[in-house]
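To keep things clear, I will list the structure first and then write my remarks on it.
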Amino acid sequence: MASFVSGGTRITKRYAAALRLIVPLYSIVNLTLLASGYDPLPFAETAVDLAVTTLVGILGTLVAWWKNNNVTRAAKEAQALLDELKRSVPTD
């Protein structure tokens, strides 16, 4: 979780910001339901925190995988061009 909070990419910071927003919103909805006389949401706050953190971790992993691997056709073509250029440059 530390990598999401400090120094990550803009995308992981966005996920961390969403996590910091979702958990308090859950609490506000729960408190509003209690004040209105309804039963609160049937989830413990720690369970919601764990679920959101897991979701952020999975999404962060998928984004990192997508960005660091040649998934699209254009990325594969660019990698082939880069490999060709590296082979054509003489080495010492």
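Where residues in segment 49-81 are over 25 Å from P24 (Cα atoms) and open to solvent by 100 Å² or more (accessible area, probe 1.4 Å), which of them is modelled with the lowest pLDDT?
N68
Please tell me if V29 is modelled with pLDDT under 85 and more than 28 Å from A78 (Cα to Cα).
Working: modelled with pLDDT under 85: no; more than 28 Å from A78 (Cα to Cα): yes.
Judged against the criteria, V29 is not a match.
Looking at segment 30-49, is at least one residue touching a residue at least 40 places away in the same chain (Cβ under 8 Å) and either under 15 Å from the mean Cα position of the chain (by Cα) or not in a helix (DSSP H, G or I) (or both)?
Our first condition is that a residue be touching a residue at least 40 places away in the same chain (Cβ under 8 Å); within segment 30-49, this holds for none.
Looking through segment 30-49, none of the residues is touching a residue at least 40 places away in the same chain (Cβ under 8 Å) and either under 15 Å from the mean Cα position of the chain (by Cα) or not in a helix (DSSP H, G or I) (or both).
Working carefully through the options L19, L33, find the one that is of a type in the set (A, V, I, L, M, F, W, C), in contact with a Pro (Cβ under 7 Å, 6 or more places away or on another chain) and open to solvent by less than 60 Å² (accessible area, probe 1.4 Å).
The conditions single out L33.
The values are calculated or read from the model by the stated rules, or taken from the named source; none is laboratory data. What you see is a predicted model; the values in this text were computed from it and never measured. All Cβ positions, even for glycine, are placed from backbone atoms using ideal geometry, and neighbour counts span all protein chains on display. For accessibility, only protein heavy atoms count, side chains too; no ligands or nucleic acids. Shrake-Rupley method; radii C 1.70, N 1.55, O 1.52, S 1.80 Å.
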